[in-house]
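The values are calculated or read from the model by the stated rules, or taken from the named source; none is laboratory data. Quick caveat: nothing in here was measured; it's all calculated off a predicted structure. As a convention, Cβ positions derive from the backbone with ideal geometry for all residues, glycine included, and neighbour counts pool all protein chains shown.
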Amino acid sequence: MSLMQIPRKIEYALRAMIHLADNPEGVARGIEIARTEHIPKYYLEKVIRDLMRGGLVRARRGPGGGYQLARSADTISFRDIIETVEGPISLNLCVEEGVSCSLQPACRMFRVWEEGQRVLLEVFSHTMLSEVATRIRPGTVPRGVLAMGLDALDAAKS
């Protein structure tokens, strides 16, 4: 079965940015991001370079150095991240700006592609990095959960 998939580069960039957003005041080392987010180190370096060029990440040199968000997570959308590492988002060639299609205006699929493009851009534009940054690492127990007890945790889940 063939899938429409987000390219790995985008997935890695999003994971790295979420990791950085989880530590808004701090700095994360590349090796820490790579290990925690399961991103090959050489690939992470390439993605981080793109994010730095796009003004989303900055590097801090020296002892305690690493990477951090260049702007607040409240001001960075998924669209910002995706377009920084891959360029403009386009669901199909015919919905790209400045592209003319020989099947237009008779194409019966164009309306669907156009609506899909609109919805996709809307979701990515309105999903801010801060919304998905939980500040709770997967596999860790949030503060206060042990005090609540397991029964309270199970009740809270349902």
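Numbers for the structure displayed
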{"read-out": "Selection within segment 1-37 - closer than 18 Å to residue 68 by Cα and in a loop (DSSP other than H, G, I, E, B)", "value": "23, 24, 25, 26, 27, 29"}
{"read-out": "Where residue 71 falls short, out of the listed (1) within 14 Å of the chain's Cα centre (by Cα); (2) within 23 Å of residue 126 (Cα to Cα)", "value": "(1)"}
{"read-out": "Some residue of segment 105-124 being modelled with pLDDT under 80, over 21 Å from residue 24 (Cβ atoms) and surrounded by 10 or more Cβ atoms within 10 Å (Cβ to Cβ)", "value": "no"}
{"read-out": "Close pairs (9 angstrom Cβ cut-off, 6 or more residues apart or separate chains): aliphatic (A, V, I, L, M) in segment 98-124, part of a helix (DSSP H, G or I) anywhere", "value": "99/93; 103/94; 103/110; 109/94; 121/79; 123/78; 123/79"}
{"read-out": "Criterion (surrounded by fewer than 18 Cβ atoms within 10 Å (Cβ to Cβ), touching a Leu at 6+ places or on another chain (Cβ under 9 Å) and among the aliphatic types (A, V, I, L, M)) met by exactly one of 99, 85, 57", "value": "99"}
